[in-house]
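Since the structure comes first, as structure tokens, the remarks are kept for the end.
Nothing in this text is a laboratory measurement; each read-out follows from the coordinates by a stated rule. Computed from a predicted model, the values in this text were never measured in an experiment. No Cβ is skipped: glycine too gets one built from the backbone with ideal geometry, and neighbour counts run over all protein chains shown.
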Amino acid sequence: MLQQDIDLSLRGRWTSIPSMGLLQLLKSQFLCHLLLCYVFLVSGLLVNLLQLCTLPLWAINRQLARKINCRLGYCISSQMVALLEWWSGTECTLYTDPESYPLYGKENAIVILNHNFEIDFLCGWTFCERFGVLGTSKVMAKKELAYVPLIGWMWYFQEIVFCKRKWEDDRRTVIKSLHNLRDYPENFWFLMFCEGTRFTEKKHQISMQVAESKGLPKLKHHLLPRTKGFCVSVQSLRGTVTAVYDSTLNFKNNETPTLRGILSGKKYYADLYVRRIPLDSIPEDEAECTAWLHKLYQEKDTFQEQYAQTGSFPGPVMSLARRPWALLNWLFWASVLLYPLLLLLLWLLQAGSTLTVVSSLTICVVGSVAVRWMIGQTEINRGSSYGNKETLLNNN
Ligand SMILES: CC/C=C\C/C=C\C/C=C\C/C=C\C/C=C\C/C=C\CCC(=O)SCCNC(=O)CCNC(=O)[C@H](O)C(C)(C)COP(=O)(O)OP(=O)(O)OC[C@H]1O[C@@H](n2cnc3c(N)ncnc32)[C@H](O)[C@@H]1OP(=O)(O)O
Ligand SMILES: CCCCCCCCCCCCCCCC(=O)OC[C@@H](O)COP(=O)(O)O
């Protein structure tokens, strides 16, 4: 190697390290978070407003209204995907068999996912984006999430299945929402966190007492699945959905990723193991379907144990590149919304009265508190007490 080449290569290394550090420093700055949140909040409110405008269309042309709402919903959810993929640079690896791979995104499916991580829903969305079903992705979500601004309001128009996690109240509404999906005009994935709540040590302990009382084997990495929602989904969506995607998620290096980490630009390494199970092979009868789901969770537990021991899931890795659309959507909203913000700031600096400056600062504080509250919804230590109540055990 010539001396000149060595000099150049050294110079490249020295300049790239500080610039990497600078970028990372920038990503951790509150001002950057404020700008990201501003784009998310304002674009989200505009999209919610547009969704509201589609209300009359539902009565005239329901299928068209659904298609429009899928695309509008994409404008919101893909911003969070862009945050994960492009801002934090998180890498998502898919372990699955090559025969099933070509079917992903080309059929309706029920997805079963473990519920251990604060950003598991976001990783789920990222896989949806990569297979082109982000706008149509569905979930059985707790009713409380319907009131989360932007996301919850968007979900209302995307025909999300909400539940109170009280079967006696849910039976009728859940079945009705599932029946609605039977003539959905585009391919969709319907996600179920059958454990019904995020994993905590206390919830795990109680749930394993329930498993013991039912004569079921104990699980190490999962809570005992709640089976009613899954069984009724299989019954209601038979003929509409062709497969169940049994998905198991974990993160490299024993990381416990958070949305705050993502917002600060922290990179994580997510691994997802997916098995495609034809819906025809799942029993129709409720008791048999319940037993089938318990067995599935026992298998999932062995995959997690393997991951804990070896750091990888069984099965080959399929390469799955990120697509540019989520980033392009964010760039579109940022360019539309940051310019007027800049003009407003300049005007405030030049001619703003005390009242307008104070009002603008108040709006900033309210917006930032609102986003912090929304992020709080993803935090496990602020989670619900569902599955945490020993009293329930006494009722069994
Ligand atoms: C190729 C790539 C593949 C995949 C990519 C991955 C994913 C992408 C897919 C889609 C993405 C889409 C969207 C993602 C975006 C956002 C999602 C974000 C969040 C939403 C998530 C949630 O809100 S989770 C919470 C709500 N959902 C659920 O709860 C669903 C599961 N629950 C059920 O199905 C329930 O049955 C129910 C809700 C319908 C009813 O609740 P209930 O509590 O009444 O349930 P059960 O009657 O079933 O429960 C009572 C029985 O349970 C026993 N039991 C077990 N443990 C306990 C315990 N700890 N305490 C008390 N009881 C317990 C109990 O003994 C009862 O037994 P029975 O014998 O009577 O049944
Ligand atoms: C680009 C700017 C980014 C701004 C980020 C703000 C976005 C906040 C999004 C809030 C989305 C809320 C989704 C939460 C999903 C979730 O994980 O719910 C938990 C439930 O399953 C179970 O709840 P629990 O019983 O409490 O465990």
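Points worth noting:
- When the P(r) of segment 49-154 is calculated, the portion above 25 Å amounts to 27% of the C-alpha pairs.
- Isolated cysteines in the chain, defined as those with no second cysteine Cβ under 4.7 Å, comprise Cys32, Cys37, Cys53, Cys70, Cys75, Cys92, Cys123, Cys128, Cys163, Cys194, Cys364.
- Summary of packing: across the peptides 349-357, 123-131, 138-146, the per-residue average of other C-beta atoms within 10 Å ranks them, highest first, as 123-131, 138-146, 349-357.
- Residue exposure sequence - Tyr273, Tyr386 - by fewest surrounding Cβ within 10 Å: Tyr386, Tyr273
- Compactness of segment 149-225, taken as the C-alpha radius of gyration over 2.2 N^0.38 Å, stands at 1.39.
- Cα gyration tensor category, rounded, prolate or oblate, for segment 266-350 with a/c compared to 1.5: prolate
- Share of alpha-carbon pairs per 20 Å distance bin for the chain, given as whole %: 24, 55, 19, 2
- Sorted fewest first by neighbouring Cβ atoms within 10 angstrom, Tyr74, Tyr38 come out as Tyr38, Tyr74.
- Relative contact order of segment 14-128, defined on C-alpha pairs under 8 angstrom at six or more residues apart (%): 23
- Summary value for the chain: 25 percent relative contact order, contacts being C-alpha pairs under 8 angstrom separated by 6+ residues.
- 14 Å beta-carbon shell around Val81, net charge (K/R +1, D/E -1): -1
- Computed about its Cα centre, the charge dipole of segment 233-308 is approximately 620 debye, with only Lys, Arg, Asp and Glu carrying charge at their Cβ.
- The chain: calculated mean residue ellipticity at 222 nm from DSSP helix runs of at least 4, using -39500 (n - 2.57): -18000 deg cm²/dmol
- Percent antiparallel among DSSP beta bridges (both partners in the chain, rounded to 5): 35
- Size of charge dipole - the chain - debye, nearest 20, with Cβ of Lys, Arg +1 and Asp, Glu -1, no other charges: 780
- Over 19 Å between alpha carbons, listed pairs Lys143/Lys295; Lys138/Lys300; Lys176/Lys214; Lys142/Lys228: Lys143/Lys295; Lys138/Lys300; Lys176/Lys214
- Note on segment 77-224: Kirkwood radius taken over Cα pairs, Stokes-Einstein applied at 25 °C and 0.890 mPa s, translational D equal to 144 µm² s⁻¹.
- Its relative contact order, with pairs defined as Cα atoms under 8 Å and 6+ residues apart, puts segment 257-396 at 24 percent.
- Membrane-span-like helices in the chain, defined purely by DSSP H runs whose alpha carbon atoms cover 24 Å or more axially and whose average Kyte-Doolittle hydropathy reaches -0.5, are 3-27, 30-53, 62-82, 325-351, 354-376.
- Result for the chain in a Gaussian network model with C-alpha springs under 10 Å: among Val161, Val317, Val81, the largest mean-square fluctuation is at Val317.
- Exposure proxy ranking, count of Cβ atoms within 10 Å, fewest first, for Tyr339, Tyr268: Tyr339, Tyr268
- Taken over segment 291-396, the convex hull of the Cα atoms encloses 239 Å³ per residue.
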